[in-house]
Amino acid sequence: MAKIIVDGKEIEIPAEYTLLQACEAAGAEVPRFCFHDRLSIAGNCRMCLVEVKGGPPKPTASCAMSVRDLRPGPNGEPPVVETKSPMVKKAREGVMEFLLINHPLDCPICDQGGECDLQDQAMAYGVDASRFSENKRAVENKYIGPLVKTVMTRCIHCTRCVRFTTEVAGVSELGLIGRGEDAEITTYLEAALSSELQGNVIDLCPVGALTSKPYAFKARPWELTKTESIDVMDAVGCSIRVDTRGREVMRILPRLNEVVSEEWISDKTRFIFDGLKTQRLDRPYVKVDGKLKAADWNSAFDAVAAKLKGVDGKRIGAIAGDPVSVEEMFALKQLLTSLGSPNMDCRQDGAALDPAFGRASYLFNSSIEGIEDADAILIIGSNPRKEAPVLNARIRKHWRRGDIKVGVLGEKADLTYDYDYVGADPKALANLVGGKTDFAAVLEKAERPLIIVGQGGLARKDGAAVLSNVAKLAKSVGALTDEWNGFNVLHTAAARVGGLDIGFVPGEGDLGTADIMTGAGKGDLDVVFLLGADEIDMKQFGDAFVVYIGTHGDAGAHRADVILPGAAYTEKSGLFVNTEGRVQATSRATFPPGDAREDWAILRALSAKLGETLGYDTLAALRSALFAEFPHMAEIDEIAPGKAADVGKINAGGTRLGSDPFMSPIRDFYLTNPIARASAIMAQCSALAAERALDAAE
């Protein structure tokens with residue numbers, strides 16, 4: 001620790017702090033454009049100038065000088081830093097004047113207006129006139145894809161975007177060419193960016209050079225109502241802010257959450273919003289003479305009640321999809337139980353995960369933040385760049401420090417970091433368990449080995465055997481201790497962990513997803529409830545009566561005999577549990593369209609029609625019942641950890657490892673759920689990615 005004096009205030013701080021960080025720790029405000037806590041230091045905007053007593057007789061860039069470089073006073077006094085001296089004031093005014101020499105007067109038509117760092121700092125630190133009368137330079141706009149709009153004349157060359165794409169996203173496609181007034185930020189060949197995190201450059205850009213192309217000219221920030229919520233596009237649970245105007249979601253932005261997503265979100269999370277208003281189910285439908293026809297709620301409930309009348313509970317099944325909340329699954333489970341049905345499953349992909357083995361058997365036990373504590377990582381049957389881009393960025397962040405080895409067992413892919421390729425199939429996994437490969441030795445030598453198994457390894461016929469062997473591997477390399485649990489399951493569905501937590505799975509001898517579909521096709525099941533389940537083969541249901549509760553006219557709605565329109569994640573308050581077991585809550589930002597209702601309310605109303613009324617009329621009452629049965633659900637933003645010893649209890653259940661290579665379940669990152677498939681923006685990104693893949697293959 002070192003002592004320094006900032007604006008007359010003495011503080012004690014770590015010697016590795018920059019002067020900028022030290023000044024902020026002392027409560028002094030230091031303006032900046034190029035500096036960012038999560039990016040390397042560029043030191044090229046010079047807005048963060050401060051005066052260092054006893055230092056050079058000129059202002060010092062506080063972002064590029066560390067506390068340990070300061071010299072003490074002549075009698076050993078702590079170094080003195082001034083942030084408000086006349087020298088600093090004059091220097092900042094000069095820097096701001098230089099920055100505005102070529103900056104266009106675009107504020108009235110700029111999408112950054114009202115949220116612009118340059119506007120704010122020009123008001124705070126600039127002057128009201130310029131000494132320059134030369135013509136402003138003009139720069140051609142660049143095409144960098146369908147998501148990010150460029151107006152490069154506004155660019156002040158802070159290089160935040162360049163450093164982000166290179167360092168965080170791991171895709172070196174942006175750079176600065178030229179010098180002086182010829183300098184430009186570009187993709188060189190003006191090709192679209194390929195990163196799944198590219199939208200974050202919009203937030204990083206301190207001016208209006210990079211803005212959201214889909215959001216362009218749609219709204220001003222002061223018109224929007226801002227609601228803090230959670231993303232459900234994957235199982236990471238990134239913190240987001242949903243901005244709405246009236247009943248329409250205008251944009252989605254990230255929120256700071258150090259332990260989960262830092263301040264990044266994926267492009268699917270950010271640009272999915274147009275899918276929330278297209279192809280929506282806004283009224284109930286009932287199939288009459290083979291065709292779906294619009295109906296009112298009573299008619300739809302009557303149709304379901306008539307079909308269920310006299311049906312044995314064991315001939316009823318239910319499958320919960322990926323984007324549904326815990327409350328909805330809890331209500332559906334209670335309804336099924338009251339009807340005498342034990343046939344339910346939240347694993348619509350058939351993943352071999354069983355809550356009977358304990359919570360640690362299906363969680364990302366090391367936690368997302370804990371990735372940075374690992375000293376060796378093995379990824380099995382997963383492509384985290386497609387399945388969880390923000391989590392993948394955390395792995396890359398740790399890898400860039402140079403003190404970790406990463407191994408991959410599965411399909412080869414560009415994960416944005418180097419790795420040792422261990423193999424492609426279960427045979428390579430068996431060799432790892434037997435200690436017959438080089439990477440097995442790496443894991444054994446590691447103090448905190450971290451093993452990640454994805455759904456590409458679990459959602460297959462030999463998934464139980466894969467899970468069992470991964471558990472054996474974790475135990476053999478010392479990944480299961482009281483201090484460190486390195487056994488991790490990476491989920492792709494936001495609803496999966498919550499469903500496993502509340503036991504939305506079949507009991508011994510009851511029907512899971514595959515058996516429900518097979519049974520329906522054979523005529524052994526009469527009625528099947530689909531709660532937001534669309535990622536399954538609807539043809540297998542045969543002549544069964546299908547009740548679909550969901551938001552979009554996707555696969556489930558096309559197959560349904562009765563459609564009950566539900567609410568999307570931005571239209572309801574709900575609980576979700578992310579891949580690490582952290583309970584999170586979404587907040588309602590707007591209302592469902594038309595006659596659509598929140599899913600739990602639909603189930604409550606249906607239960608009354610069936611004569612099996614659920615015991616709650618409000619969301620608060622439902623949550624009280626949920627918390628009484630599952631107390632950890634009440635601990636918002638907390639993780640109820642599993643026991644490392646439980647991982648050792650996982651067994652294969654008599655199944656053997658197969659021979660098929662591991663494949664990630666995500667084949668198209670941009671079209672993984674009904675909301676994404678309804679989005680024109682995501683369709684454009686998907687087509688571009690397919691074109692890029694075709695070019696690479698040629």
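Each 5 Å bin, from zero up to the one with the longest distance, holds this percent of the alpha carbon pairs of the range 189-314: 2, 9, 13, 16, 13, 9, 8, 9, 8, 7, 3, 2, 1, 0. The listed peptides 427-440, 522-535, ordered by packing as a protection proxy, come out as 522-535, 427-440 (highest mean of other Cβ atoms within 10 Å first). The H on the amide N of residue 193, modeled in the peptide plane, is under 5 Å from the matching H of 145, each at least 5 residues off or on a different chain.
Compactness of the chain was expressed as the Cα radius of gyration divided by 2.2 N^0.38 Å, which yields 1.05.
Counting only protein heavy atoms and a 1.4 Å probe, the range 366-438 has 37 square angstrom of accessible area per residue. The string of couplings for the range 681-698 from the Karplus curve (6.51, -1.76, 1.60, θ = phi - 60°) is 5, 5, 5, 5, 5, 5, 5, 5, 5, 5, 5, 5, 5, 5, 5, 5, 5, 6 Hz, one whole number per residue in order, with x for Gly and Pro. Please figure out what share of the DSSP beta bridges in the chain is antiparallel and state it in percent, rounded to the nearest 5. Around 55 percent antiparallel, to the nearest 5.
May I ask you to rank 136, 412 by accessible area, largest first, using a 1.4 Å probe over the protein chains only?
From most exposed to least exposed: 412, 136.
Mean projection of the Cα convex hull over all viewing directions, computed for the range 197-259: 5.1 nm². Each stretch of four or more DSSP H residues adds -39500 (n - 2.57); spread over every residue of the chain, this sum gives -7500 deg cm²/dmol at 222 nm. Relative to the Cα centre, the charge distribution of the range 608-698, modelled as +1 at Lys and Arg Cβ and -1 at Asp and Glu Cβ, gives a dipole magnitude of about 240 debye.
The count of lysine pairs in the range 348-444 that are at least 8 places apart or cross chains, and whose C-alpha atoms lie under 18 Å apart, stands at 6. A 1.4 Å probe over all protein chains sorts 558, 103, 491 by accessible area into 558, 103, 491, starting with the largest.
Residue 68 exposes around 150 Å² of accessible area when a 1.4 Å probe is run over every protein chain in place. Largest first, the residues 419, 17, 548 sort by 1.4 Å accessible area into 17, 419, 548.
Around the amide H of residue 378, modelled in the peptide plane, lie the amide H atoms of 407, 450, 451, 452, all under 5 Å away and 5 or more residues distant in sequence or on another chain.
When the accessible area of the range 340-390 is split by element with a 1.4 Å probe, what percent falls to carbon and sulfur? Working shown, then result.
Values: 470 of 1060 Å².
So the carbon and sulfur contribution to the accessible surface is 44 percent.
Using the Cα coordinates of the range 50-155, the gyration tensor eigenvalues translate into equivalent-ellipsoid semi-axes of 36, 17, 12 Å, sorted from longest to shortest. At the residue level, residue 657 shows approximately 50 square angstrom of accessible surface with a 1.4 angstrom probe and all protein chains present. Shown in residue order for the range 628-644 are the 3J(HN,Hα) couplings computed by the Karplus curve 6.51 cos²θ - 1.76 cosθ + 1.60 at θ = phi - 60°: 5, 8, 10, x, 5, 5, 7, 8, 5, 6, 10, 10, 8, x, x, 8, 4 Hz (x for Gly and Pro).
Take every Cα pair under 8 Å whose residues are at least 6 apart in sequence, average their separation, divide by the length of the range 584-698, and the relative contact order is 12 percent. Charge dipole of the chain (Cα centre as origin; +1 on each Lys and Arg Cβ, -1 on each Asp and Glu Cβ, all else neutral): 520 debye, rounded to the nearest 20.
Here, P(r) means the percent of Cα pairs in each 5 Å bin from 0 to the largest distance; for the range 391-516 it is 2, 9, 16, 22, 20, 14, 9, 5, 2, 0.
For the range 228-320, a crude dipole built from +1 on the beta carbon of Lys and Arg and -1 on the beta carbon of Asp and Glu, taken about the Cα centre, is about 660 debye to the nearest 20. Under a no-solvent Debye model with one identical scatterer per Cα of the range 232-271, what's log10 I(q)/I(0) at q = 0.18 Å⁻¹? Scattering profile of the range 232-271, log10 relative to I(0): -0.48.
Along its first, second and third principal axes, ordered by size, the range 387-431 spans 31, 24, 14 Å in Cα coordinates. Remark: relative contact order (the range 283-384) = 18 percent; criterion is Cα-Cα distance under 8 angstrom and separation of 6 or more residues. Note on residue 293: lysines with a C-alpha under 30 Å away, same-chain residues under 8 apart excluded, are 277, 307, 309, 314, 333, 522, 539, 572, 609. Absence of a disulfide-compatible partner, taken as no other cysteine beta carbon within less than 4.7 angstrom, is noted in the chain for 23, 48, 63, 107, 110, 116, 155, 161, 205, 238, 346, 685.
Once C-alpha pairs closer than 8 Å and six or more residues apart are averaged by separation and normalised to the residue number of the range 374-491, the relative contact order reads 30 percent. Using θ = phi - 60° in the Karplus curve 6.51 cos²θ - 1.76 cosθ + 1.60, the 3J(HN,Hα) couplings for the range 515-528 round to 5, 4, 5, 5, x, 5, x, 7, x, 7, 10, 9, 10, 10 Hz; x is entered for Gly and Pro.
The values are calculated or read from the model by the stated rules, or taken from the named source; none is laboratory data. The model shown is predicted, which means the values in this text are computed figures rather than measured ones. Counting neighbours? That spans all protein chains shown, and the Cβs are built from the backbone with ideal geometry, glycine included. Note: accessible area is taken over every heavy atom of the protein model, side chains too, but ligands, DNA and RNA are not part of it. Shrake-Rupley method; radii C 1.70, N 1.55, O 1.52, S 1.80 Å.
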